[in-house]
Amino acid sequence: MENMRVPMGINDIVGDNVKKLAQLFPSAVKDGEVDFEALKEELGQFREVGSEKYELTWAGKKNAKKIAQEDVFGRTLKFIPGDSKDADTTENLYIEGDNLEVLKLLRQNYYGAIKMIYIDPPYNTGNDFVYNDTFSMSKEEAAQSEGIKGEDGEQYSVNKDSSKRFHANWLSMIYARLKVAKDLLTDDGAIFISIDDNEQSNIKKLCDEIFGEYNKVAEFCVIRAEGGGMAKQVIKGHDYLYVYAKNVSAFTPLGKPKDVRGRIIERDGETYWIQEDWLRKEFGKYGNCHYEEVLECKGKDKLDEINAGLTDGKYILVPKPNGMNIVGKLRNLKEDSSKFYSVIKHLSKNGIEELKTLGLDKHFSYPKPVSLIQEMMSGITLFSGKNGDIILDFFSGSATTAQAVMQLNAEDKGNRKYIMVQLPEKFEEDSDAKKDGFGNICEVGKERIRRAGDKIKSEHPDADIDIGFKVFRTADTNIKWNSNINVGQLDVTQMEYNPDLVDFMPDAKDVDIVYELMLRQRDVPLSEALEQLSDIGNRTYLYANSYLVCLETEITEKLVSKLAELNPLPIKFIFRDSAFKDDIALKDETFRRLRALIEKNAGTNKPAYTVEFI
């Protein structure tokens, strides 16, 4: 019998890429290894034409690629209930930590699940931060490869424009994040990136390489300021917004809701507007007659045509108060939506005013206006937002994106969800934020979401919107994975008194252990409900009504029988290996019994494995 173990690693990025390659070019992957000569032939390259090629390169690019493909070990996401709002019901997330680390931790749960990513990264002005990606290598290695060396434990540093690697540092930082973020997008999703002149040309080349230049959807010029100002040459009043699709062939073009006359209706899952003046447009003076009169005037052919249309859904009878029946032609909003113009106006002063209404304007210098993100979000989710699209912002800053999601949901009755990710950058001691009691940028961002949610709810009292959020924070692992255990340091006497020391770190909490195990499951959102099954045991939990995690210190036949009687039956069971003590027979029987039950319930859709051990 082969007992499955919960893997220590979360991602196998290289392995996933090889599988994708094998699907496209089977002859180029042999026994799991890439045959690069065969791959070149598949791509029409039958002889080497030289080592030089068109590409964006910089000092440190090779290492940035390496960092993007590395898994993250010994780290997890810790649930912070005290900072959360409506944690038991919300589907929104706020995550504190280095965004590259967070993206990798989320990769299994949200692989191909994010409809829209919006980021407003550091613009590399010479006064803002770049991130030191030190969690996967030593500080010395990071300093050598990135050209950055900060104080011990520093996660970010100011990238001075006097640096010899001023652009290289920024490119290395952003490359790895975009590379991982691409995996999170749905096939019809897209990423939106705000940027200014400092790195505008570089971000375009970088996105051309990562997403493919054929997947570029738009390059918006965003007017952010009007009027006067001082400049040595030209007064600059605009920034840029790049939009790249994951797969442009599956991507629905950005659309604006059409300003229609008439009513909006839902039919067979599609949204239509009723062009009530269609009769007048079609028949001129007969447009205000009774339906029957119009048909009689226009003859038998038109009667057949319209009656056929009423049958197949192209037309609809619109009753009028005066007793007349007007024929309305159904127009599909998806087909009739307006397209965007490449120059859009969203003034920065509006972003400041929005924070001012929340009493937080002193803490951010250049917040993006809610209208910018809301308009883009409306454009990409115009026909799918009511189905629960997820919006991710991994440079969350003042959490404008979270407010935009709530605002748009309130206005169009959508149920979009958001994930905000932000490094807890500390405020200076003499800053207004520090004086107001905020220790870092995350504390202000969370408070902005609380205040904005309450404000939106008060303005739309009838709207059924989610204004809560669950807070997570990056932290060290709770589990003593096999490769981390140093048996020589285990105190046998202490282990007998506290069996948890065999499997878990000191002071580890059950809820955090469960979430850490869930990070290793595919397509399981962190917003799902966690339930304690007290009828079975004090430390047995059910996550998302599908994953049972048993952290009991001892497994008995009676407990296994209770688990087997659960209805509906979970799709996976996770046990502690140590909880079976020396009873190998019970462990084998538990594995066989539960696996057989789940496979029976799964029918033809049998999972690869259903019982795991830690």
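The values are calculated or read from the model by the stated rules, or taken from the named source; none is laboratory data. Keep in mind that what you see is a predicted model, and the values were worked out from it rather than measured. We place every Cβ from the backbone using ideal geometry, glycine too, and count neighbours over all the protein chains shown. We work out accessible area using only protein heavy atoms, side chains counted, and drop any ligands, DNA or RNA first. Shrake-Rupley method; radii C 1.70, N 1.55, O 1.52, S 1.80 Å.
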| task | Keeping all protein chains in position, work out how much accessible area Asp500 exposes to a 1.4 Å probe, and write it in Å² to the nearest 10. | result | 30
| So how do 117-125, 551-559, 397-405, 242-250 stack up, highest first, on mean other-Cβ count within 10 Å? | 397-405, 117-125, 242-250, 551-559
| Tell me, what ³J(HN,Hα) does each residue in region 349-359 have, in order and in whole Hz, if you take phi through Karplus 6.51 cos²θ - 1.76 cosθ + 1.60 with θ = phi - 60° and put x for Gly and Pro? | 4, 5, x, 5, 5, 5, 5, 5, 5, 9, x
| query | Of all accessible surface on region 386-480 at a 1.4 Å probe, what whole percent is carbon and sulfur? | reply | 42
| remark: Taking alpha-carbon centroids only, region 71-106 lies from region 542-564 a number of Å equal to 25
| query | Considering amide H positions built from the backbone, and no H for Pro or chain starts, which residues 5 or more places from Ile80, or on another chain, come under 5 Å of its amide H? | reply | Val471, Phe472, Arg473
| note | Looks like region 498-577, by Cα gyration tensor root eigenvalues a ≥ b ≥ c and the a/c under 1.5 rounded cutoff (else prolate when a/b is bigger than b/c, oblate otherwise), is oblate
| said: Using the Karplus curve 6.51 cos²θ - 1.76 cosθ + 1.60 with θ = phi - 60°, what ³J(HN,Hα) values do you get for each residue of region 177-190, in whole Hz, with x for Gly and Pro? | reply: 5, 5, 4, 6, 4, 4, 5, 7, 6, 5, 4, 9, x, 7
| Using modelled amide H (1.01 Å from N, peptide plane; none on Pro or chain starts), what sits under 5 Å from the amide H of His238, excluding residues fewer than 5 places away? | Arg224
| note | Under 5 Å from the placed amide H of Thr540, counting only residues 5+ away or on other chains, we find Leu533, Leu551
| ³J(HN,Hα) computed for each position of region 529-536 - Karplus, 6.51 cos²θ - 1.76 cosθ + 1.60, integer Hz, glycine/proline x | 7, 10, 10, 8, 8, 5, 5, 9
| field | Accessible-area ranking of Glu425, Glu37, Glu443, Glu199, largest first, probe 1.4 Å | value | Glu37, Glu443, Glu425, Glu199
| Can you give the accessible area of Ile80 in Å² (nearest 10), computed on protein heavy atoms with a 1.4 Å probe? | 20
| field | Ranked order, His346, His238 - accessible area, probe 1.4 Å, largest first | value | His238, His346
